[in-house]
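Worksheet: the structure to be examined is printed underneath.
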Amino acid sequence: MKQVRIKSPGTVANLVCGFDILGMALNEPYDIMEVKLLDEPKVIIHNRDNYNLPTEPEKNVAGVVFLSVMEKVGGTVGFEVTIEKHIKPGSGIGSSAASAAGAAVAANHLLGNIFSSDEVVQFAMNGEKLASGVKHADNIAPCILGGVTLIRSIHPLDIIHLASPDLFVTVVHPQIEVRTSDARQILRQQVLLKDAIKQWGNIAGLVTGFMKNDLDLIGRSLEDVIIEPIRSILIPGFHEVKTNCKEAGALGGGISGSGPSIFMLSKEEKTAKAIESVMKDVYNKIGIDYNTYVTTINKKGVEIL
Ligand code: HSE
């Protein structure tokens with residue numbers, strides 16, 4: 001029987017100023033998926049975790065990705081998957097993208113890699129659509145390709161893989177619920193030209209910083225004048241975390257994806273660990289439970305184990 005075991009990483013979408021167009025893969029946390037190729041057209045889903053995600057294929061992020069692959073290849077293949085999630089759903093660190101990207105990469109592997117990486121991203125985006133109502137690829141692309149990615153366009157798909165410096169990433173996940181669909185709905189549909197000018201200056205600066213390995217330029221460019229002022233209202237302690245982390249030496253950071261997680265980049269591991277303590281202090285003081293991760297940028301993306 002053909003089967004594969006894969007590791008699918010968490011991701012930080014947006015990278016502060018690049019709403020829906022920038023993302024970065026993390027070495028921690030990650031999900032594990034075991035996928036078998038079936039010789040009949042059905043999808044069977046088992047959960048090996050406590051998140052109680054739906055096992056009906058049409059309601060499951062990985063399930064809809066398998067269904068879209070099956071529709072494309074026709075014939076009589078199917079998939080049986082066991083999902084072991086470590087990336088908590090609703091955390092803002094790409095939980096749904098990890099399931100969707102993992103399913104797409106595993107299916108392609110089991111079918112003999114018949115699809116291009118753009119096609120694999122397209123399949124995975126069907127899962128993201130189910131999870132958030134919108135087909136965005138800023139978690140999917142870095143999850144599949146690793147490193148830092150720029151989504152220049154979705155229609156047609158144009159993904160640019162950027163260089164990723166050896167930075168440390170500290171993430172805090174306050175245990176509150178922020179649904180991506182809600183965090184998208186509260187955004188304004190118009191932006192002021194003066195804000196747009198600041199934002200595209202920062203995006204260009206951030207991309208240049210990654211390409212030139214200019215860590216201070218990366219830090220200066222981690223500024224968001226459009227999305228963060230609105231979404232940060234949903235995250236208790238956000239401004240305190242950001243201010244205190246920068247004082248403790250972080251290059252910069254902000255909301256991870258649509259939140260509630262917050263991420264910070266640092267040049268050195270000892271700074272990243274000091275920042276973890278700063279984040280813990282804020283949430284201990286407020287009295288909200290949290291998880292933290294001190295990790296690095298994942299350069300491989302979904303990995304076949
Ligand atoms: N770019 C998306 C957003 C990522 O910020 O809404 C969340 O899935």
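Summary of computed values
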read-out	value
Amide proton proximity set for L22, modelled H, under 5 Å, gap of 5+	N14, I151
Per-residue HN-Hα couplings for the stretch 277-294 [Karplus 6.51, -1.76, 1.60; θ = phi - 60°; Hz; x = Gly/Pro]	5, 4, 4, 4, 4, 4, 6, 5, 5, 6, x, 10, 5, 7, 10, 10, 9, 10
Among 247-258, 80-91, the order from most to least packed when residues are scored by Cβ within 10 Å on average	247-258, 80-91
In degrees, nearest ten, helix 61-73 long axis to first principal axis of the chain (Cα)	50
Percent RCO, i.e. relative contact order, over the chain, from Cα pairs under 8 Å lying at least 6 residues apart	25
Karplus 3J(HN,Hα) series, Hz, for the stretch 266-271 with 6.51 cos²θ - 1.76 cosθ + 1.60 (x for Gly, Pro)	9, 6, 10, 5, 5, 5
Rounded percent of accessible protein surface that carbon and sulfur make up, the stretch 238-305, 1.4 Å probe	45
Overall form of the stretch 148-305 per C-alpha gyration tensor (a/c, 1.5; a/b vs b/c)	rounded
Listed residue pairs exceeding 28 Å between alpha carbons, taken from K129/K273; K7/K198; K198/K280; K36/K135; K42/K300; K212/K246	K129/K273; K7/K198; K198/K280; K42/K300
Per-peptide average of other Cβ atoms within 10 Å, ordering 38-45, 268-275 highest first	268-275, 38-45
Rounded, prolate or oblate (a/c below 1.5 giving rounded, otherwise prolate when a/b exceeds b/c) for the chain by Cα gyration tensor	prolate
Per residue accessible area of the stretch 168-296, 1.4 Å probe, in Å²	49
In degrees, nearest ten, helix 193-212 long axis to first principal axis of the chain (Cα)	70
Qualifying GluC sites (Glu not before Pro) in the stretch 110-186, DSSP loop, other Cβ atoms within 10 Å at most 14	E177
The stretch 58-125 shape via C-alpha gyration tensor axes, a/c threshold 1.5	prolate
Distance from the stretch 71-111 to the stretch 119-187 (C-alpha centre basis), Å	15
0 to 90° range, to nearest 10: angle between helix 238-247 axis and the chain longest Cα axis	70
Among 25-31, 228-234, 196-202, the order from most to least packed when residues are scored by Cβ within 10 Å on average	25-31, 228-234, 196-202
Contact order normalised by residue count of the stretch 168-296, Cα under 8 Å, 6+ apart, percent	41
Inter-centroid distance (Cα atoms) of the stretch 1-21 relative to the stretch 225-302, Å	19
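The values are calculated or read from the model by the stated rules, or taken from the named source; none is laboratory data. As the structure is a prediction and not an experimental result, all values here were calculated from the model. Ideal geometry is used to build each Cβ from the backbone, glycine not excepted, and the neighbour counts take in all protein chains shown. Surface areas here come from the heavy atoms of the whole protein model, side chains and all, with no ligands, DNA or RNA. Shrake-Rupley method; radii C 1.70, N 1.55, O 1.52, S 1.80 Å.
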